[in-house]
Every structure is written in C-alpha cells, then in structure tokens.
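Structure record follows, encoded as structure tokens.
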Amino acid sequence: MGRATWQEWARAVAVAVLTVALSSIPYAVGYLAQPPDRIFAGAVYDWEDYYSHLAKMQQGVQGAWRYRILFTPEDHSGIYINTFYIALGHL
C-alpha cells in the first residue's frame, strides 16, 4: 500500500466535486423555482417535519438538553427525547 498518485487524487477530487454538484441540484431548483410570494426553506425531503426539527435545534441553541413541547399551553417539564436535534443545536 503505497502513496496515492496525483491521478488518483485528481480522480477522488473529481468524484467529490461531482457528488456535491449533483446533490445540490434539488436545492438550486427549489430556490430558483420559488414563486415571489413564497420562500424556499431548504427542505427537499421530510419537509412536513422540517420546522419541527428546527424548533428542536433552537432549543439546543438556547442551552436546553430536555425537549419541551412549545406548541401546547400546558405547563410541563422537558424530557430527554429527540436529543439528536437538540445536540445539533448545541454545536
């Protein structure tokens, strides 16, 4: 197992650039196709839950580790659920 040649590096970089370019197409199309009265939020899949996940991340940004349901008038303490999104907010 020797060192990679410059051709192998060039091929790896080309594949990486192509992958990023192809995976960016849906986002570019969504942005360019948005009507003037709407804003493309950046969700290509799982858009039904997109803002819910953002709300969980926002709780992490605010320093919380326990998830609280903000869409209810009932007083309650937070619980350790959906910690992945809360942890993303802490990053």
Taking the residues in the stretch 65-91 that are over 28 Å from Pro26 (Cα atoms) and touching a His at 6+ places or on another chain (Cβ under 9 Å) as candidates, determine which candidate is surrounded by the most Cβ atoms within 10 Å (Cβ to Cβ). Arg68
Between residues in the stretch 76-90 that are within 10 Å of Trp65 (Cα to Cα) and residues that are part of a loop (DSSP other than H, G, I, E, B), which pairs lie under 7 Å by C-beta distance while being six or more apart or on different chains? Gly78/Ala64; Gly78/Arg66; Gly78/Arg68; Ile79/Arg66; Tyr80/Arg66; Ile86/Ala64; Ile86/Trp65
Hey, can you tell me all the residues within the stretch 1-27 that are closer than 30 Å to His90 by Cβ and either assigned by TED's automatic domain parsing to the domain that holds Thr83 or small (Gly, Ala, Ser) (or both)? Ala16, Ser23, Ser24
Anything in the stretch 1-26 that is modelled with pLDDT under 95 and either in contact with a Gly (Cβ under 8 Å, 6 or more places away or on another chain) or of a type in the set (A, V, I, L, M) (or both)? List them, or say none. Met1, Ala4
Cβ-Cβ below 6 Å, separation at least six or inter-chain, first residue in the stretch 33-57 and within 24 Å of Leu70 (Cβ to Cβ), second part of a helix (DSSP H, G or I) and not aromatic (Phe, Trp, Tyr): which pairs? Lys56/Ile86; Met57/Leu88; Met57/Gly89
All-but-one check, Pro35 against (1) within 14 Å of the chain's Cα centre (by Cα); (2) assigned to a loop (DSSP other than H, G, I, E, B), failing number (1)
Within the stretch 55-91, restricting attention to residues that are among the β-branched types (Val, Ile, Thr) and part of a helix (DSSP H, G or I), which residue is farthest from Ala41 (Cα to Cα)? Thr83
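The values are calculated or read from the model by the stated rules, or taken from the named source; none is laboratory data. Predicted, not measured: the structure shown is a model, and the values here were computed from it. So basically every Cβ, Gly included, is an ideal-geometry build from the backbone, and we count neighbours across all protein chains shown.
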